[in-house]
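Pasting in a structure now, in structure tokens, and then I'll have a few things to ask.
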Amino acid sequence: MGLPAKRITSTRRDRRRSHHALTATFAGVCAKCGAPALAHIMCSNCGFYKGKEVVNVLAKLDKKERKKKEKELAKHEKEHPQKEEKEEKEKQES
């Protein structure tokens with residue numbers, strides 16, 4: 001078996017590894033539910049992408065989990081109304 005011919009110093013090792021650092025990914029916020037979501041990818045919490053439902057997240061859950069998820073989404077929608085709803089309210093007011 002081959003063995004290293006010379007010792008690799010800690011400085012040389014560290015310089016080599018200096019480019020191995022990971023960068024943090026930016027997680028935006030879902031417009032519908034407000035959960036963290038990656039850009040250009042559907043929200044894993046609510047299943048929406050660009051305001052349209054892509055995946056029905058509730059379909060895969062059992063009855064108990066579905067009720068819990070529905071309550072959570074309804075609560076969040078009350079706290080953070082969507083942009084379209086805001087625009088409609090503004091039109092009605094003026």
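The values are calculated or read from the model by the stated rules, or taken from the named source; none is laboratory data. Just so it is clear, the structure is predicted and the values come from calculations on it, not from any experiment. Here the Cβ positions follow ideal geometry from the backbone for every residue, glycine too, while neighbour counts run over all protein chains shown.
Suppose we keep only residues that are among the small types (G, A, S) and in a loop (DSSP other than H, G, I, E, B) within segment 47-71. Which one would you say is farthest from the chain's Cα centre (by Cα)?
G51
Exactly one of these conditions fails for H76: (1) touching a Cys at 6+ places or on another chain (Cβ under 6 Å); (2) on the phi > 0 side of the Ramachandran plot. Give me its number.
Looking at each condition in turn, H76 falls short on (2).
May I ask you to list the residues in segment 14-31 that are surrounded by 10 or more Cβ atoms within 10 Å (Cβ to Cβ) and assigned to a loop (DSSP other than H, G, I, E, B)?
C30, A31
All but one of (1) under 11 Å from the mean Cα position of the chain (by Cα); (2) surrounded by fewer than 15 Cβ atoms within 10 Å (Cβ to Cβ) hold for G34, so report the exception by its number.
Condition (2) is where G34 drops out.
Restricting to segment 51-94, and then to whatever is more than 15 Å from A31 (Cβ to Cβ) and in contact with a Gly (Cβ under 7 Å, 6 or more places away or on another chain), can you tell me which residue is modelled with the lowest pLDDT?
Applying the filter and picking the extreme gives V57.
Report, by residue number, each residue of segment 32-46 that is free of Cβ contacts under 8 Å to residues at least 12 places away in the same chain and either over 30 Å from R66 (Cα atoms) or not in a loop (DSSP other than H, G, I, E, B) (or both).
P36, A37
Let me ask something else. Mind checking whether some residue in segment 57-67 is surrounded by 12 or more Cβ atoms within 10 Å (Cβ to Cβ), touching a strand residue (DSSP E or B) at 6+ places or on another chain (Cβ under 8 Å) and of a type in the set (D, E, K, R)?
no
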